[in-house]
Every structure is written in structure tokens, then in C-alpha cells.
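Throughout, read-outs are computed from the coordinates displayed, never taken from laboratory work. Remember, predicted model here, so these are calculated numbers, not experimental data. Because the Cβ atoms are built from the backbone with ideal geometry, glycine has one as well, and the counts that use them run over all protein chains shown.
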Amino acid sequence: MQHTYAKRVTHMENSAIRELLKLAEQPHIISFAGGLPAPELFPLSEIRESYAQVLGAGDPSVLQYGTTEGYLPLREEISDQMRSKGIPSEADNIFLTNGSQQGLDLIAKLFLDPGDVVLLQNPSYLGAIQTFRSYQANFATIPTNAAGIDDIALEVSIKLNRPKLIYLAPTYQNPTGTTLTIEERKAVLRVASKYGVPIIEDDPYGELRYEGSALPAIRSFSTEDEVIYLGTFSKTLAPGLRLGWIVAGKSLIAKLVVAKQGTDLHTSTLLQRATHYYLNHFDANQHIETIRQAYKVRRDLMLSELQENFSNQAIWTKPTGGMFIWLTLPEKYDTVNLLPSVLTGNVAYVPGAHFFTDEGSCSSMRLNFSNPTPLQIQQGIKLLATILTL
Amino acid sequence: MKLHIDRSGKTPLYLQIRSQIRQLILANDLPPGFRLPPERKLATTLGVNRSTVVNAYHELVADGLIQPHVGKGTIVSPPQPVGPSHDRFTNANDSEALGAPVQPISWQNFYTRQSERLHNPVLASILDEIGEEDQISFALGSPAGEYYPLQEFSQISQEVMRPGNWQAFEYGPTIGHYPLRQYIADWLSQRGIRTQAQTILITSGSQQGLDLLTKVFLEPGDYIVMEEPSFLGAIGVFKASGAHILTVPLDQEGLRIDVLEQILARHRPKFIYTLPTFQNPSGITTSLARRQQLLKLAYQYHVPIVEDDPYSELFYGNQPFPSLKSLDEYGHVIYLGTFSKILFPGLRLGWCVAPTPVLEQLSLAKQHVDLHTSTTAQWVMTEFCKRGLLDEHLLIVRKQYKCQRDAMVYALKEFAPQGLSWTVPEGGYYLWCELPPGMKAAALLTKAAEKKVTFVPGNAFYVNSGGKDRIRLCFCRHSETTIREGIYRLCEAITEMLNQSQTKGTTNRPRFTEPLV
């Protein structure tokens with residue numbers, strides 16, 4: 001039968017992420033496309049032991065319904081971790097989600113009516129753009145100048161666009177890998193607070209730091225709960241578990257509880273119990289250190305390969321953490337059009353246009369360095385340069 | 001036209017009048033063309049303010065059920081059937097073209113932000129009570145923890161998490177882990193549902209299926225149809241969408257087809273939501289004849305059916321009737337299933353079977369919502385099922401839950417005071433009880449809490465007012481001994497309230513609206 005969908009369905013796009021998940025599965029392709037951590041670094045035996053302990057204790061409550069906000073001891077553990085990073089929080093401020101994507105969706109559900117404006121970095125995380133779009137949001141770009149975020153222009157933009165939300169990934173941003181300075185973080189918060197616009201601070205990559213010291217989260221400066229902080233175990237543990245969290249004011253947590261109840265009641269009890277066990281019995285920081293070292297090698301390698309193969313015509317970001325490098329070719333190139341031939345040559349990237357809210361032509365691309373092996377990075381970047389005949 | 005006004009209740013008088021006249025019109029007791037009494041006259045008859053009747057009539061006009069005519073008074077409208085190819089979004093223009101005046105719409109229902117409509121205190125408090133071990137809860141619709149296959153599950157998770165099997169921890173496709181979908185397809189095929197892995201979406205529990213359907217199909221102002229009483233989680237999510245919920249009463253054979261037909265003759269609902277087997281909360285199973293009539297109406301009026309089927313495997317007598325999905329010849333049924341009730345709920349794993357184009361839309365919506373359901377959970381569940389452990393488990397719980405149901409019924413027979421009645425369902429999770437005349441479930445809840453026993457008050461399962469004298473008791477969670485103790489406590493609470501009201505001569509008023517604290 002012919003179905004009549006809601007209007008919002010026309011705003012739900014089949015995304016590059018989805019197609020890319022398929023692409024990345026083909027073994028002959030060297031993929032710089034996915035946003036994937038390196039699977040060989042998953043702490044598999046530790047997770048396995050955690051499940052064994054949790055399931056082996058003979059307590060059926062690990063497979064029982066749980067509360068919507070999440071397993072209390074895990075929320076306590078996460079709030080401890082958040083405090084150690086300078087983000088003041090109690091267990092009451094922590095809300096567990098099925099990965100931070102669900103956090104974005106629930107927040108969008110609570111805040112966005114059709115036509116509302118979200119102010120964000122352009123380019124931004126594709127999954128966030130699409131979720132906001134599925135609620136029929138409009139977009140405005142956070143203005144920047146040579147020094148970074150332009151707080152005067154930002155204030156004008158807020159007055160002009162009256163955004164419902166500001167969305168930011170301040171640390172090792174996806175897709176560019178860039179990081180906001182302390183001054184930029186404070187400036188955004190100051191302007192947003194002045195006009196009462198909540199900030200979503202998306203921080204999936206903060207732990208993946210390869211040099212320098214950690215910058216404080218925007219939420220750590222926040223006194224009025226204006227900042228909604230999103231964290232995830234996808235990069236530090238494993239993405240297939242689907243576990244993330246939100247740090248927010250208690251009144252917003254209460255709203256989130258109601259929203260998530262209608263969505264899926266709560267996040268898997270077993271997963272929360274096992275993760276709690278893992279955090280309590282294994283050295284999560286040591287594991288993160290292992291990932292950092294491995295990814296740093298890969299980043300350095302990709303940067304030197306780019307230097308060797310692309311230095312004449314292209315420019316690229318030099319991220320101090322995260323998973324991505326943003327490569328920009330000369331303007332005459334269109335990375336959307338180029339992708340099919342690059343794929344034929346067995347290399348994959350994500351065309352930069354997908355990360356903009358107004359998908360025009362774009363000569364940039366996102367390259368992931370965390371998932372491919374060092375050898376693949378060496379071969380793949382050379383191959384890419386050859387195919388593009390730069 | 002006989003109306004009954006309940007002045008003690010919390011429902012505003014005008015809504016009571018509206019809902020009763022609506023029922024009369026839909027049951028055809030007030031046929032099209034029937035002239036309603038003038039507002040002033042009805043107000044005098046009922047002993048209410050004229051404005052109360054005016055407001056009730058306004059709502060009915062907005063519902064499209066009645067129409068004021070100058071000189072003639074207020075007349076019951078004829079059904080306005082719409083053709084199958086009709087585009088909903090041009091409704092207003094069409095009715096203008098037909099010469100009928102454009103109906104005013106109760107916009108206040110739509111202007112509220114979705115977040116303000118999201119409210120489900122009952123569900124929240126049911127989930128909150130988990131872990132309060134000193135009380136006996138018949139509220140939470142949970143399986144019995146003592147039968148959870150912890151050991152087998154532990155063993156299998158160890159095997160799945162073997163060294164090098166990183167795949168079980170990676171991002172996966174939104175639609176779900178293929179081997180699990182394949183298993184479910186085969187399993188459903190054995191139950192008469194012809195389906196393939198390609199048309200199955202794995203969801204984070206069937207609640208997510210409901211949420212995705214809402215997201216894909218419903219906008220504020222849309223109509224949907226559901227049984228009343230019905231699953232409270234579905235009521236919550238549909239209400240939050242801002243859709244109009246049209247309710248169809250149940251009788252012993254299930255959904256009242258005659259009322260449904262009246263509704264379909266007047267409205268174009270986006271879908272009919274039904275829980276035809278061992279319904280939550282009533283325990284009623286829709287008869288085979290009604291199932292066929294329901295499908296026929298869906299074909300005739302071109303309306304999709306959402307069949308929610310968490311309980312059909314939990315039968316304690318004969319195998320239940322075939323699902324609507326298995327009887328559906330023209331792809332009108334969207335089917336929701338879950339592991340939560342037949343196995344355990346803590347993994348949050350369910351599934352949705354739908355025609356390919358719908359499934360693609362649902363997957364797309366799910367991608368934006370949470371990318372995909374936990375890969376790890378899906379891998380472990382796949383192995384568990386493939387080893388035949390799900391089917392083994394079903395044999396155990398069918399036997400046990402039957403005993404528990406019988407224990408609850410037996411205890412009620414022994415302890416129940418005069419006036420308390422209950423259903424005996426052939427399967428599922430719940431006994432649906434009617435309290436002695438005059439007793440309100442909300443008041444009883446307070447009394448029962450003192451005795452450390454809980455249940456869900458009936459009004460939670462009603463879209464409109466109703467169910468205040470009903471309670472739902474889940475018999476699956478506790479052992480037979482605990483059930484007996486719980487029923488004893490509950491009946492004691494009821495008896496005490498009966499005695500109280502006799503001595504005081506007044507009925508207890510609900511003291512709080514959020515039932516379970």
C-alpha cells in the first residue's frame with residue numbers, strides 16, 4: 001500500500017555515513033572514510049572479563065529493566081571522572097544514552113520545533129546536522145575571523161537568527177580536527193549566556209590527545225547549566241557497545257528522562273553494568289594512553305605522507321588530537337565528483353561538502369587516520385595522490 | 001439522549017459531555033441528522049452552566065462530529081468518507097470545494113511543543129520502583145528474574161567476545177545484525193509470518209519501534225486509532241506527537257469493529273494501533289473473525305495497522321490465533337516484536353517487520369536517533385537463539401507463568417472482598433481487575449503502598465477519562481508464594497477501604513495524581 005508519511009520524513013536524508021559503513025566493509029579498499037577507532041585496540045579481554053563477572057554473579061537484575069537516567073553507580077563513576085576533568089557534576093547531572101548520537105536526538109527533540117535555528121560550526125559533524133535537520137531545523141554558521149570565533153559577529157548573529165541551540169565540538173572537531181582556544185571557549189559561553197542560548201558541547205574525541213595539555217571543557221566554565229556536555233565510550237572503549245552520556249542541569253535531566261522513556265525506556269542494563277565493572281576493575285586511563293600512542297604514530301605518519309605527496313598544491317590541518325585531518329585541494333577540484341574514480345582506485349574518503357549545512361561544491365575532504373593501519377596509511381595517501389594526479 | 005455527569009472526578013464536565021456524546025454518535029445511537037438539544041436546554045437538564053455545554057459542542061464540532069446550522073440547531077454530521085488516493089494535506093481545501101464550511105480546529109492541541117506533551121508519570125514511577133525490594137510489585141510488566149538464563153548467556157557472551165572477534169564491538173548497520181534478522185525471519189515464518197531478513201529492523205526494544213513509527217508517520221493534528229484501554233507506553237508516545245487519538249472500546253472478542261467502522265467512515269487515521277493477543281492491560285485476545293474483519297476494514301479504508309505482539313508466545317492453554325501480520329495478504333500490517341517479555345528486557349532488543357519502503361524510512365529515522373542497536377548485544381542474542389535456547393526458555397516460562405497466573409487467581413478467590421472482580425487471561429502477563437463499586441484505584445494505591453504492595457491504576461491505560469475503578473496486576477514477576485502474600489495484602493487494603501467508606505460514609509478522594517512514588 002501507499003503510505004503517507006509525516007512531513008519531517010522529507011528532511012531525513014540517507015547519509016554518506018550509511019553508505020560509508022558499507023564501503024568500509026570491502027576489504028580491498030583502503031578507507032580513510034569511516035570515523036572508526038582501530039578495532040585491534042579495543043580492550044576486548046577486559047570487556048570480556050567484565051561481562052563474565054557481571055553475568056556470573058547470579059544476579060538477574062543485570063538483565064532486568066532499569067531506570068531511564070541510567071545505572072546509579074555508573075552515573076556516580078562518570079560524575080567522578082567529569083569532576084576530575086574540571087567539570088563540576090554529581091550523579092544527578094549524568095544521563096546515560098545509547099551513544100552520543102542519542103544524546104543529540106533527545107536534545108533536538110526537547111528543543112527544536114520546525115523552523116528553529118541551530119547555530120553551528122560549518123563544517124560540523126554530519127550526524128548532528130542530519131539529526132537537527134530531521135527536526136526541520138534551519139542553520140546559521142558560527143562566524144569566524146582570522147583569530148578564530150568572532151564574538152562580536154556571533155552576538156550579531158544571535159540577535160539576528162535567534163537560535164534555539166548552539167552546537168559545538170570544541171576539541172579535535174569532526175571533520176577538521178581543529179580545537180577552540182580557551183579564549184574562544186569563554187567567548188562563546190559569554191555571548192550564549194547573555195542571550196540565554198544553550199550550548200551543546202559535543203566531546204567524543206577529547207581523550208585522544210597527542211600533544212599539549214588538555215583544555216578545559218566549556219561546561220567547566222559554566223555556572224548556570226547553559227552547557228549540555230555530551231560524552232561517549234565509543235572512542236575510548238568500543239563503538240559497537242553504544243554507550244554515551246550527557247552532563248546537564250538537573251531540570252534538563254528530568255526532561256530528558258521523559259523524552260527517553262517514550263523513545264526506548266532506558267539503555268541496556270547489562271551494558272551499563274559491564275561498563276561499570278570495567279571502569280572499576282581495569283585501568284581505563286592506561287588503555288586510553290595505549291590508544292593515544294598508537295593513533296599519534298598514525299597521525300604523524302599521515303602528516304608526513306601528506307607532506308611528501310601533497311605539499312605542492314594542497315593544504316591540510318595539523319590536529320593535536322582526535323581522528324581526522326581535513327585536506328583541502330586547489331579550488332578547481334570537487335571532491336564529490338572525484339570520489340567515484342578514487343574509489344575505483346581502492347581508496348576512500350568523505351567529501352567535505354557533506355559536513356556543511358549548505359552542501360555546495362567543495363575541494364576539501366576528511367581523512368581518518370585512526371582506523372587504517374600504518375602500512376595502509378603509507379600506501380593509501382600515495383595512492384590518493386597518484387589518482388588525483390597532483 | 002442520556003448523559004451521566006460525574007462531579008467527583010477530575011475530568012472537566014465539558015470533556016465528560018463531549019466524550020459521552022462522541023460515543024453515542026460513533027455507536028450510531030445518535031444517527032447523522034439527529035438534532036442535539038439546544039445548549040441552554042441541555043445545560044438545565046444536566047444542571048451545569050451553559051458555557052460548559054457550549055464548550056462541549058465546540059469540541060465536537062472540532063472533532064467533525066456535529067455541525068451548527070442556523071435555524072435548525074446543532075445536527076450530527078454524516079460520515080465524510082475519503083477515497084484511498086486522497087491526499088491528507090489538502091483536506092481543508094477539499095471540504096471547501098465540497099461546499100461544507102471549513103471546520104475550526106482546536107489548535108491549542110498542536111501549538112504546545114512536543115516536550116511539553118511528553119509526560120508519562122506512571123511509566124516513570126514504574127521504572128523507579130525497581131530495586132525497592134521490600135515491596136511486592138504487581139505493577140512492572142516484567143518477566144521473572146529467577147528464570148533468566150544467566151549461565152547460558154554468560155557462557156555465550158564469553159564465546160562471542162573471544163580474542164580477535166572485534167567485529168562484535170564495531171559500528172554496525174542501522175537495520176541490524178544480519179544473522180539475528182535472519183533468525184527472527186525464520187522464527188516468524190514458523191509462526192505463519194512470511195518474511196525475510198530484508199524486511200526486519202532491529203530496534204532498541206519495541207518501544208523504539210513505536211517511537212520510530214511516530215516519527216515517520218505522525219504530525220500534530222493527525223488521527224490515529226487505538227483500543228481503549230491500551231498499552232500506556234504507546235499512549236504516551238502517540239500523545240506526545242500531538243496526534244488525535246481516536247479510541248475503540250474492547251469487548252470479550254476484542255476490538256469493537258462496529259465502532260471502528262464508524263470512525264473510519266469519518267476520519268482518515270494514519271494507522272490503527274492494536275495489541276490483538278493477550279492485550280495489555282485487559283488480557284483480551286481478538287477473535288479470528290474480528291481479526292479478519294479488522295484486516296478487511298484496513299484494506300477497504302486503506303489504513304495501515306500497527307500490530308504490537310509482545311505476548312503471543314506466552315500462551316497457557318491453546319496456541320493463540322494467528323497474528324494479523326500472518327493473515328495480512330496486502331502488506332497493510334507493520335509488526336512489532338520484542339525479546340523483553342519472552343526472555344528478559346535488560347538488553348533492549350526488539351524488532352519491527354514492515355513492507356520494504358516503510359522499513360527504509362524507519363531505518364533512516366533510527367540512524368538519526370541512535371545509529372544502530374548495540375552490536376555486542378545483537379551478537380550475543382543471535383548465538384543464544386541459534387542454539388535453540390530461546391525456544392527452550394519459552395517452554396519453561398509458559399509452564400511457570402501459567403502456575404503463577406493460577407496462583408494469583410486462586411489467591412484472589414480466597415481473599416477477595418465482595419465486589420472485586422477480575423479476568424482470567426489465556427496468556428500474557430496481566431490480570432485486569434474491577435474494584436468494588438465506588439472505589440477509586442488512585443485512593444487504593446495509597447492504602448496499598450502502606451501494605452507494601454503496588455499495581456498500576458487503570459486510568460493509566462486510558463486516553464480519555466476512564467479506568468479509575470480498574471487496576472492491572474502483573475503475575476509474571478514474582479513467585480507463587482510472593483503472589484499469594486501480595487494478593488493477601490492487596491485484598492486487605494481493599495477491605496479496609498470498604499470498611500472505612502462505610503463508617504465515614506464518604507468516598508476517598510485521590511490524593512495525588514502521580515501514582516507510584
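A cut-off of 5 Å between modelled amide H atoms, ignoring neighbours fewer than 5 places along the same chain, links A:Trp316 with A:Thr328. Pairs of Cα atoms in region B:246-334 fall into 10 Å distance bins, from 0 up to the last occupied one, in shares of 17, 54, 26, 3 percent. Taking label positions 7 Å along the Cα-Cβ direction at both A:Asp283 and A:Met1, the computed distance is 6.2 nm, reported to one decimal. With the gyration tensor restricted to C-alpha atoms of the protein assembly as shown, the semi-axes of the equivalent ellipsoid amount to 49, 33, 27 Å, longest first. Considering only DSSP beta bridges whose two residues both sit in chain A, what percent are antiparallel, to the nearest 5? Around 55 percent of the beta bridges assigned by DSSP in chain A are antiparallel ones.
FRET efficiency for the pair B:Ser465 and A:Lys250, taken as 1/(1 + (r/R0)^6) with r the Cβ-Cβ distance and R0 = 35 Å, rounds to 0.60. Each of B:His302, A:His266 was scored by other Cβ atoms within 10 Å of its Cβ. Arranged with the fewest first, they read B:His302, A:His266. Below 24 Å Cα-Cα, how many Lys pairs turn up in region A:80-187? Only count pairs eight or more apart in sequence, or on different chains, if you could. Within region A:80-187, the lysine pair count is 5. Between B:His4 and B:Glu253, what is 0.36 nm times their sequence separation minus the Cα-Cα distance? Round to one decimal in nm. So the chain would gain 87.0 nm between B:His4 and B:Glu253. The convex hull of the Cα atoms of chain B, projected and averaged over all directions, covers 25.2 nm². Here's how it looks for A:Asn138: its modeled amide H is under 5 Å from those of A:Gly115, A:Asp116, A:Val117, A:Val118, which are all 5 or more places away or on a different chain. Rg over Rh for region B:150-387 works out to 0.98, both radii taken from alpha-carbon positions and Rh defined as the Kirkwood radius. Using a cut-off of 22 Å between Cα atoms, the listed pairs B:Lys399/B:Lys452; A:Lys250/B:Lys341; B:Lys2/B:Lys296; B:Lys215/B:Lys270; B:Lys402/B:Lys447; B:Lys402/B:Lys440 include B:Lys399/B:Lys452; A:Lys250/B:Lys341; B:Lys2/B:Lys296; B:Lys402/B:Lys447; B:Lys402/B:Lys440 as exceeding that distance.
Scaling against 2.2 N^0.38 Å puts the C-alpha radius of gyration of region B:1-78 at 1.01. Sorting B:378-391, B:227-240 by average packing, meaning the other beta carbons within 10 Å per residue, from highest down gives B:227-240, B:378-391. Computed from label points 7 Å out along Cα-Cβ, the spacing between A:Glu308 and B:Asp406 is 7.7 nm. In region B:200-348, the DSSP beta bridges split such that about 10 percent are antiparallel, to the nearest 5. Sorting B:Arg162, A:Arg48 from the fewest to the most surrounding beta carbons within 10 angstrom yields B:Arg162, A:Arg48.
Computed from the alpha carbon atoms alone, the convex hull of region B:166-225 holds 119 Å³ per residue. Candidate cross-link partners of A:Lys260 among the aspartates and glutamates, defined by an alpha-carbon separation under 15 Å and a same-chain spacing of 8 or more, comprise A:Glu69, A:Asp105, B:Glu116, B:Asp128, B:Asp211, B:Asp370. Taking amide H as placed 1.01 Å from N in the peptide plane, A:Thr232 has its amide H under 5 Å from the amide H of A:Trp245, each at least 5 places away in sequence or on another chain. Across region A:370-384, rounded Karplus estimates of 3J(HN,Hα) from the backbone phi angles (6.51 cos²θ - 1.76 cosθ + 1.60, θ = phi - 60°) give 7, 8, x, 6, x, 5, 4, 4, 4, 5, x, 5, 4, 4, 4 Hz, Gly and Pro being marked x.
May I ask you to derive the FRET efficiency for A:Ile387 and B:Gln167 from their Cβ-Cβ distance with R0 = 25 Å, giving the value to the nearest 0.05? The pair A:Ile387/B:Gln167 has a calculated efficiency of 0.30. Pull out the extension gain between B:Gln182 and B:Val70, defined as 0.36 nm times the separation in residues minus the alpha carbon to alpha carbon distance; nm, one decimal. Taking B:Gln182 through B:Val70 to full extension adds about 34.0 nm, to one decimal. When B:Lys366, B:Lys2, A:Lys186 are arranged by Cβ crowding within 10 Å, least crowded first, meaning fewest neighbours, the order is B:Lys2, A:Lys186, B:Lys366. In this simple spin-label model, placing a label point 7 Å from the Cα along the Cα-to-Cβ direction at both A:His28 and A:Ile315 gives a separation of 3.8 nm.
Bridgeable aspartates and glutamates around A:Lys194 (alpha carbons under 16 Å apart, same-chain partners fewer than 8 residues away excluded): A:Asp150, A:Asp151, A:Glu155, A:Glu184, A:Glu224, A:Asp225, A:Glu226.
Here the scattering of chain A is modelled by Debye summation over its C-alpha atoms, one equal scatterer each and no solvent; at q = 0.13 Å⁻¹ the log10 of I(q)/I(0) is -1.16. Given region A:136-182 reduced to its alpha-carbon atoms as identical point scatterers, what log10 I(q)/I(0) does the Debye formula return at q = 0.16, 0.18, 0.22, 0.32 Å⁻¹? With one equal scatterer per Cα and no solvent, log10 I(q)/I(0) is -0.50, -0.63, -0.90, -1.23. Here the extension length gained between B:Gln319 and B:Thr423 equals 35.6 nm, from 0.36 nm per residue of separation less the Cα-Cα distance.
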